[in-house]
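*Asks:* One structure coming up, written as structure tokens, with questions to follow.
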Amino acid sequence: MKKIALINDLSGFGKCSLTAAIPVISVLGIQACPLPTAILSAQTGFPSYYCDDYTDRMNYFTDEWKNMQETFDGIYSGYLGSAAQMHNVLYFLENFHTEDTLYLADPVMGDNGQRIRIFTDELLESMKELTQHAGVITPNLTELCLLAGVDYDVLTSHASKDSYLSYIEETARRLLPRAHTSQTIVITGIVRRQPTQSFVGNLAVTPESRYYLETPYMGESFSGTGDLFASVIMGSLVNGLSVEDAMDKAVRFLSPAIEEASRDNIPRDHGISFEKYLHLLL
């Protein structure tokens with residue numbers, strides 16, 4: 001059975017991070033091997049939560065799995081809240097990332113033009129270094145701009161133009177030469193507002209091509225949808241699908257769950273009821 005190492009936090013509520021990734025990877029027929037960066041009572045969008053930081057214990061997992069002579073078909077890292085955690089992921093890559101291992105980095109740093117408060121310039125530089133090792137990265141527009149050193153407001157000022165996607169593609173292509181391997185960049189959550197309807201899409205940029213897929217925008221964003229999307233992309237690529245087919249699969253899976261959550265006015269921090277739609281991944 002194929003195996004993917006999942007490096008992320010575990011939240012009791014919020015349907016995000018490992019709570020989202022493990023069931024998706026498992027349904028795709030791949031063994032999910034979690035390496036927790038922290039354990040939380042609920043994700044940090046809730047007004048109150050408890051967090052047990054696992055930074056100083058992450059390398060114990062790496063060393064024990066190395067002693068067990070384990071190998072991985074994929075490595076997927078999500079939110080990393082300190083330079084120390086990023087260094088721990090680099091240590092993990094040194095031990096387990098081979099030419100036969102796909103590494104996907106989801107560079108969680110912010111959204112809607114705003115950085116997460118703790119994300120200093122030092123952390124940004126560490127994230128830039130980490131993403132250069134990845135075969136796939138899945139930034140949103142804010143994170144793409146941070147990685148590329150582009151002003152978010154300037155980029156999104158083109159949102160009403162037909163050339164908007166070309167501006168985004170051009171920004172993504174600035175990153176490709178910096179990668180240590182052939183890289184695919186999947187930019188998520190691109191909102192295009194039209195006179196009668198708005199759309200949200202995802203743009204995949206490779207050294208050779210681009211692929212764009214969009215659906216009607218519900219006007220809502222929910223906890224964990226980015227983690228779910230990246231998990232489907234990761235598992236599908238490890239299973240041999242193209243990035244285009246992986247994106248199609250992710251959108252078919254997520255669209256009805258997001259539509260349901262929006263219709264039922266589910267609080268965004270609680271996430272979507274993706275569990276009842278897992279069969280769409282089979």
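*Asks:* Here are Asp9, Asp63: which of them is of a type in the set (Asp, Glu), under 22 Å from Leu254 (Cβ atoms) and either assigned to a helix (DSSP H, G or I) or out of contact with any Lys or Arg (no Cβ under 7 Å at 6 or more places or on another chain) (or both)?
*Replies:* Values: Asp63 fails: under 22 Å from Leu254 (Cβ atoms).
Matching residue, one of Asp9, Asp63: Asp9.
Yes/no per residue for (1) modelled with pLDDT of 95 or more; (2) among the aromatic types (Phe, Trp, Tyr); (3) under 30 Å from Leu241 (Cα atoms):
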position: Gly45; (1), (2), (3): no, no, no
position: Tyr49; (1), (2), (3): yes, yes, no
position: Thr71; (1), (2), (3): yes, no, yes
position: Ser77; (1), (2), (3): yes, no, yes
position: Leu80; (1), (2), (3): yes, no, yes
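*Asks:* Show the residue pairs meeting these rules: Cβ distance below 7 Å; 6+ apart or different chains; first residue within segment 115-133 and assigned to a helix (DSSP H, G or I); second residue of a type in the set (Gly, Ala, Ser).
*Replies:* Pairs that qualify, where the first residue is assigned to a helix (DSSP H, G or I) and the partner is of a type in the set (Gly, Ala, Ser), are Glu122/Ala83; Leu123/Ala83; Ser126/Ala83; Leu130/Ala105; Thr131/Ala105.
*Asks:* So, restricting to strands (runs of 3 or more DSSP E) that lie completely within segment 164-282, which ones have at least 3 residues that are surrounded by 17 or more Cβ atoms within 10 Å (Cβ to Cβ) and not hydroxyl-bearing (Ser, Thr, Tyr)?
*Replies:* 184-193, 198-205
*Asks:* Let me ask something else. Does segment 258-272 include one or more residues that are at pLDDT 95 or above and touching a strand residue (DSSP E or B) at 6+ places or on another chain (Cβ under 7 Å)?
*Replies:* No: segment 258-272 contains no residue that is at pLDDT 95 or above and touching a strand residue (DSSP E or B) at 6+ places or on another chain (Cβ under 7 Å).
*Asks:* If Lys161 passes every condition in (1) at pLDDT below 95; (2) within 20 Å of the chain's Cα centre (by Cα) but one, which one does it miss?
*Replies:* Of everything listed in (1) at pLDDT below 95; (2) within 20 Å of the chain's Cα centre (by Cα), Lys161 misses just condition (2).
*Asks:* For segment 94-114, which residues satisfy the criterion of being free of Cβ contacts under 8 Å to residues at least 60 places away in the same chain, crowded, with 19+ Cβ neighbours inside 10 Å and either of a type in the set (A, V, I, L, M) or not in a strand (DSSP E or B) (or both)?
*Replies:* Answer for segment 94-114, where residues must be free of Cβ contacts under 8 Å to residues at least 60 places away in the same chain, crowded, with 19+ Cβ neighbours inside 10 Å and either of a type in the set (A, V, I, L, M) or not in a strand (DSSP E or B) (or both): His97, Ala105, Pro107, Met109.
*Asks:* Here is a follow-up. What are the residues in segment 5-17 that are closer than 22 Å to Asp56 by Cα and either crowded, with 24+ Cβ neighbours inside 10 Å or touching a Pro at 6+ places or on another chain (Cβ under 7 Å) (or both), if any?
*Replies:* Ala5, Leu6, Ile7, Asn8, Asp9, Leu10, Ser11, Ser17
*Asks:* Could you please let me know if His158 is in contact with a His (Cβ under 7 Å, 6 or more places away or on another chain) and either surrounded by fewer than 18 Cβ atoms within 10 Å (Cβ to Cβ) or on the phi < 0 side of the Ramachandran plot (or both)?
*Replies:* When the stated conditions are applied, His158 does not pass them.
*Asks:* Being more than 30 Å from Gly240 (Cα to Cα), modelled with pLDDT under 95 and of a type in the set (S, T, N, Q): is that true of Thr120 here?
*Replies:* For Thr120, the condition - more than 30 Å from Gly240 (Cα to Cα), modelled with pLDDT under 95 and of a type in the set (S, T, N, Q) - is met.
The rows are residues; the columns are (1) out of contact with any Ser or Thr (no Cβ under 9 Å at 6 or more places or on another chain); (2) of a type in the set (A, V, I, L, M, F, W, C); (3) farther than 22 Å from Val108 by Cβ; (4) at pLDDT 95 or above.
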| site | (1), (2), (3), (4) |
| --- | --- |
| Leu213 | yes, yes, no, yes |
| Pro216 | no, no, yes, no |
| Val232 | yes, yes, no, yes |
| Leu237 | no, yes, no, yes |
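*Asks:* Given the criteria β-branched (Val, Ile, Thr) and farther than 20 Å from Gly74 by Cβ, does Ile258 qualify?
*Replies:* Yes; evaluated as a whole, the condition is true for this residue.
*Asks:* Also, quick follow-up: Is there a residue in segment 207-217 that is touching a Cys at 6+ places or on another chain (Cβ under 7 Å), in contact (Cβ under 8 Å) with a residue 24 or more places away in the chain and farther than 23 Å from Pro256 by Cβ?
*Replies:* Scanning segment 207-217, I find no residue that is touching a Cys at 6+ places or on another chain (Cβ under 7 Å), in contact (Cβ under 8 Å) with a residue 24 or more places away in the chain and farther than 23 Å from Pro256 by Cβ, so the answer is no.
*Asks:* Now a separate question. Between Ser242, Ser231, Ser182, Ser223, which is within 14 Å of the chain's Cα centre (by Cα), among the small types (Gly, Ala, Ser) and within 23 Å of Lys2 (Cα to Cα)?
*Replies:* The unique qualifying residue is Ser231.
The values are calculated or read from the model by the stated rules, or taken from the named source; none is laboratory data. These numbers were taken from a predicted model, which means no experiment stands behind them. Note that we place each Cβ from the backbone using ideal geometry, even for glycine, and neighbour counts take in every protein chain shown.
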